[in-house]
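Step one of this worksheet: look at the structure below.
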Amino acid sequence: MTPSKPSQDSANYLFLVLPRFALLWVCILLIPISFFFKIWWLLFITVCLTCLGIYNINQKRHAILRNYPISGHIRFLFENFRPEVRQYFIEGDREEVPFSRLQRSIVYQRAKDVDSTTAFGSLNDLSKPGTDWFLHSGRSHKISDHNFRVRIGNERCSQPYDLSVFNISAMSFGALSAAAIESLNKGAKQGGFAHDTGEGGISPYHQKHGGDLIWQLGTAYFGCRDEQGKFNPETFVQRASLPQVKMIEIKLSQGAKPGKGGVLPASKITEEIAATRDIPMGIDCISPPTHPEFSTPRELVHFWQRLRELSGGKPVGFKLCIGMPWEFMAIVKAMIEEDNYPDFIVIDGAEGGTGAAPVEFMDSVGMPLVDALIFVQNTLVGAGIRDKIKVGVSGKVISGFDIAKLMGLGADWCNSARGFMFAVGCIQSRSCHTNKCPTGVATQDPARQKALDVPDKSRRVANFHQNTLKALAEIVGCAGLNHPNELMPHHIVRRQPDGWIKLLSEHYQFIDSGSLLTGNCGRRVLDDMWKLADPNSFQAMTIADEIVDAQNERTRAHQEHCT
């Protein structure tokens, strides 16, 4: 049986329908009234609203507009303004979505060179589980020079670079506007720190002001690719030989969307972007999820050595968001077997957010930064090679405390992307992927980009860097130390869920140097994953493979003993 339709004459039906169409009926009624009394502005408005209502009744895309042809738009209006209303009027000062008001305020104040000190006590609940704090020393002192640096480059590197401990993380021209790139690079030049290009290549705006660059090579090899999108050594040599390029970073994955690759919408591709990346206009620019130049850990080692030679001996390393742990361990095994180590590794935490990504990737894929740092630190120490490689980190780094904590847990330096975006003028509207950034930071719209004044914003970038390092120096001096590379896990305390406190050296389990090589590091899960790591494949070895390898190892040992 088919359901019976409500009668047009039914009082119940009219009772339900009339309120929904009330605004439309009012507009229709006002048309002749406004015409008769010659109220032309009212006539114009009512005619427009009536046409809108009739259109909405007949359209099939939005059900709510068919039932509420005029008033239904109020719902969409509120939905559009909800993020701004929540950010400015509802959210708390420490509610991180993804950065709290206090975090943003710290950046804005330091970028403007305004005193960021506060009074009347901390707003933090120091008894809350998970709260961290530094232990100060009776030998605390003032550090006059806050220009902390770390040397990048091992014995295979002929052009080492003294890198600041706080730098601009990877953000591409295309994702950011030309004015934003200019501001960041000019600020890096003024402050004496490095600017990571992101995988989008080296644009004219990266080169205009002469700031030091870390050239990032993604899976699409923008700026050094042939017509098929593969690596082109000739164009790589041309770019890598630029005096501005101080380091070269192979991007394996990023925290915002690990394992997914990247997309630059066609709407954001200008002639300049197309020329910088060697790509056509009019279609979305896709970066594949994996590199075509290598498919195994051992091939990755050969690739970074090739880049090191082509660049004339500049520091070469790679960046990744930790996924399957044995894959990173496989890379470490390949390093050891080839006796060839990267000059640096950058760990990107899953908190990273400068790349637009599906919500599933943004929220539920990739290892958070601190966990990833502890894992990488343990792996490199356990393999006995920590002293051969410098480790950088990126992921929601804003304050001097953030840098000090991460360096205390093993990092040699920190990068920040969104922190420097705030310094340029970002207001966290979360519209980076729409090409409608309200401040002109993440857009290719020429009219919106005009909002950024490069001389002013570059000073703010340099100020934010300088004032953050001053805050870091105060923490280091408070601990009785002279350089942040002296910070250790035992300098930091964490409140536990049961209310007790622990040093981070006790909270996290750190292993001894070389203990992974002996198969007894004290953490069974690390020992087991180390056994699964295969230097010839990113896939985990099976138990059968492990047995065969063990037998082969015993055979080789027996043969060596006999000879």
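Which strands (runs of 3 or more DSSP E) sit wholly inside the stretch 99-183 and have at least 1 residues that are free of Cβ contacts under 8 Å to residues at least 40 places away in the same chain and surrounded by fewer than 18 Cβ atoms within 10 Å (Cβ to Cβ)?
Details: elements: 132-134, 149-152, 161-164, 166-168.
Correct list: 149-152, 161-164.
Looking for whichever is buried (at least 21 other Cβ atoms within 10 Å of the Cβ), assigned by TED's automatic domain parsing to the domain that holds Glu272, over 19 Å from Ser100 (Cα atoms) and under 20 Å from the mean Cα position of the chain (by Cα) here; the options are Gly410, Gly425, Gly400. Which one fits?
Gly410
Of all residues in the stretch 503-558 being among the acidic types (Asp, Glu) and surrounded by fewer than 16 Cβ atoms within 10 Å (Cβ to Cβ), which is modelled with the lowest pLDDT?
Let us first name the residues in the stretch 503-558 that are among the acidic types (Asp, Glu), namely 506, 512, 527-528, 534, 545-546, 549, 553.
Filter once more, keeping what is surrounded by fewer than 16 Cβ atoms within 10 Å (Cβ to Cβ): 506, 512, 528, 545-546, 549, 553.
Working: Glu506: 94, Asp512: 95, Asp528: 90, Asp545: 60, Glu546: 57, Asp549: 63, Glu553: 69.
By that ranking, first place goes to Glu546.
Determine the pairs where a residue that is under 19 Å from Ala372 (Cα atoms), located within the stretch 401-430, has a partner that is of a type in the set (Lys, Arg) with Cβ atoms under 7 Å apart, the partner being 6 or more residues away or on another chain.
Asp412/Lys390
Per-residue answers, yes or no, for (1) of a type outside the set (Phe, Trp, Tyr); (2) within 19 Å of Ser505 (Cβ to Cβ); (3) in a helix (DSSP H, G or I):
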{"residue": "Ala334", "(1), (2), (3)": "yes, no, yes"}
{"residue": "Glu351", "(1), (2), (3)": "yes, no, no"}
{"residue": "Gly366", "(1), (2), (3)": "yes, no, no"}
{"residue": "Gly392", "(1), (2), (3)": "yes, no, no"}
{"residue": "Lys405", "(1), (2), (3)": "yes, yes, yes"}
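When the stretch 194-234 is examined, which residues are found to be surrounded by fewer than 24 Cβ atoms within 10 Å (Cβ to Cβ) and outside any loop (DSSP other than H, G, I, E, B)?
Pro204, Tyr205, Gln207, Arg225, Phe231, Pro233, Glu234
Those residues that are under 9 Å from Leu24 (Cα atoms) and touching a Gly at 6+ places or on another chain (Cβ under 6 Å), I need them from the stretch 43-69; list them, please.
Pro69
The values are calculated or read from the model by the stated rules, or taken from the named source; none is laboratory data. What you are looking at is a predicted structure, and each value in this text was computed from that prediction instead of being measured. Ideal geometry is used to build each Cβ from the backbone, glycine not excepted, and the neighbour counts take in all protein chains shown.
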